[in-house]
Amino acid sequence: VLSERINESYEKVSSAKTRLESISLEGASVATNEIVLGVTFLQEVTQQLPLWLKKSKELFESEKLLKRQRHVFRGDWTEASIVMGQLQQVEQVLSKRTRTMEEQ
């Protein structure tokens, strides 16, 4: 169950990061509707981020508890620390995009 939750979180955070990286908020070639969709997504991620952080910390702590109990993980196990790393990257991209948005 924990593995499924970690993988779900990883997929959600990774797709948000990819989408954030693809958002363009500047330049003459960017259509108004693209800018509106981008700003809307930035706001959605900003609202979701605290929940994602809390959930990933819970996953990390759960995994840490299993490690202390010497649980043997499957070979395809995705570590919770990878989700935490992705979240940090999302935070960085989000702050860059938000700064760009505020400068416009």
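Derivation of every value follows stated rules applied to the coordinates shown; laboratory data play no part. Please read these numbers as outputs of a predicted model, since none were measured by experiment. Here Cβ is always computed from backbone atoms with ideal geometry, including for glycine, and neighbour counts include all displayed protein chains.
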### Query
Pairing the Cα long axis of helix 32-68 with the longest principal axis of the chain, what angle in degrees results, from 0 to 90 and rounded to the nearest 10?
10 degrees
### Query
For the chain, modelled as a GNM with alpha-carbon contacts under 10 angstrom, which of Val13, Val93, Val36 fluctuates the most?
Val36
### Query
With a Cα-only, solvent-free Debye model of the chain, what are the log10 I(q)/I(0) values at q = 0.14, 0.16, 0.18 Å⁻¹?
-0.59, -0.71, -0.83
### Message
Tell me the angle of helix 2-22 to the major Cα principal axis of the chain, expressed in degrees between 0 and 90 and rounded to the nearest ten.
### Response
20 degrees
### Query
What's the angle, to the nearest 10 degrees (0 to 90), between helix 80-103's Cα axis and the longest principal axis of the chain?
10 degrees
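What's the magnitude of the charge dipole for the chain around its Cα centre, counting Lys and Arg as +1 and Asp and Glu as -1 at the beta-carbon? Answer in Debye, nearest 20.
With Lys and Arg at +1 and Asp and Glu at -1, about 540 debye.
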### Query
What value does the stretch 20-69 have for Rg/Rh, both radii from Cα atoms and Rh as Kirkwood defines it?
1.32
### Task
Give the span of the stretch 1-44's Cα atoms along each principal axis, as three whole-Å numbers ordered largest to smallest.
47, 14, 10
